[in-house]
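**Q** Quick one: structure below, then a few questions.
The values are calculated or read from the model by the stated rules, or taken from the named source; none is laboratory data. A quick note: this is a predicted structure, and the numbers were derived from the prediction, not measured. FYI the Cβ positions are ideal-geometry reconstructions off the backbone, even for glycines, and counts take in every protein chain you see.
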């Protein structure tokens with residue numbers, strides 16, 4: 001049981017998203033990408049989960065539309081909204097963002113129902129021994145980020161239960 005060291009050893013965001021992301025992989029996750037964009041200026045541990053959830057929520061929209069994630073920088077909310085309008089769907093940018101968040105919240109709700117316990121997430125010791133482009137990961141930083149992510153995840157699921 002537990003997590004192993006992943007192939008993308010880019011920094012704290014990647015490991016946080018591997019542990020908490022909807023798919024426990026880099027595919028719907030923004031972790032590795034966020035790490036690459038923030039080398040030398042990593043977000044505060046408590047801010048990191050929010051940035052990851054925002055990106056992962058948007059990726060729910062893209063994958064629901066069967067858009068290749070390699071093209072995710074092209075398909076921003078304005079472009080997707082315009083394309084859907086042509087097809088007869090009136091969904092504004094805010095509607096799409098809310099929809100993505102709702103999809104992600106429901107995936108998390110299912111994970112919790114199936115036994116995922118955010119408080120039991122642990123990180124492989126090896127990730128703290130091997131330097132990343134951000135340097136060595138700080139266990140205290142990761143624990144703060146983990147607590148913030150668990151809290152955010154539970155809040156997201158509660159929002160979904162209330163119907164937003």
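**Q** May I ask you to list pairs of residues, at least six apart or on different chains, whose Cβ atoms are under 6 Å apart, with the first in region 124-141 being without any contact (Cβ under 8 Å) to a residue 40 or more places away in the chain and the second being assigned to a loop (DSSP other than H, G, I, E, B)?
**A** As it stands, the answer is 128/137, since those pairs meet every condition given.
**Q** Against the condition part of a helix (DSSP H, G or I), out of contact with any helix residue (DSSP H, G or I) (no Cβ under 6 Å at 6 or more places or on another chain) and either surrounded by 14 or more Cβ atoms within 10 Å (Cβ to Cβ) or modelled with pLDDT of 95 or more (or both), how does residue 60 come out, does it pass?
**A** Taking the combined requirement at face value, the residue does not satisfy it.
**Q** If we keep just the residues of region 63-90 that are closer than 30 Å to residue 135 by Cα and either touching a strand residue (DSSP E or B) at 6+ places or on another chain (Cβ under 9 Å) or without any contact (Cβ under 8 Å) to a residue 24 or more places away in the chain (or both), which is surrounded by the most Cβ atoms within 10 Å (Cβ to Cβ)?
**A** Out of the qualifying residues, it is 72.
**Q** Here's a follow-up. Take region 41-57 and flag every residue that is crowded, with 16+ Cβ neighbours inside 10 Å, outside any loop (DSSP other than H, G, I, E, B) and touching a residue at least 40 places away in the same chain (Cβ under 8 Å).
**A** 48, 49, 52, 53, 56, 57
**Q** Please go through region 117-131 and pick out each residue that is crowded, with 18+ Cβ neighbours inside 10 Å and within 16 Å of residue 9 (Cα to Cα).
**A** Across region 117-131, the qualifying residues are 123, 127.
**Q** Here's a follow-up. Just to confirm my filter: which helices (runs of 4 or more DSSP H) fall fully inside region 67-164 and include at least 3 residues that are under 17 Å from residue 16 (Cβ atoms)?
**A** Result: 93-113, 139-162.
**Q** Could you list, in sequence order, the residues of region 91-116 that are free of Cβ contacts under 8 Å to residues at least 40 places away in the same chain and under 14 Å from residue 58 (Cβ atoms)?
**A** Listed by number, the residues that qualify are 91, 93, 94, 95, 96, 99.
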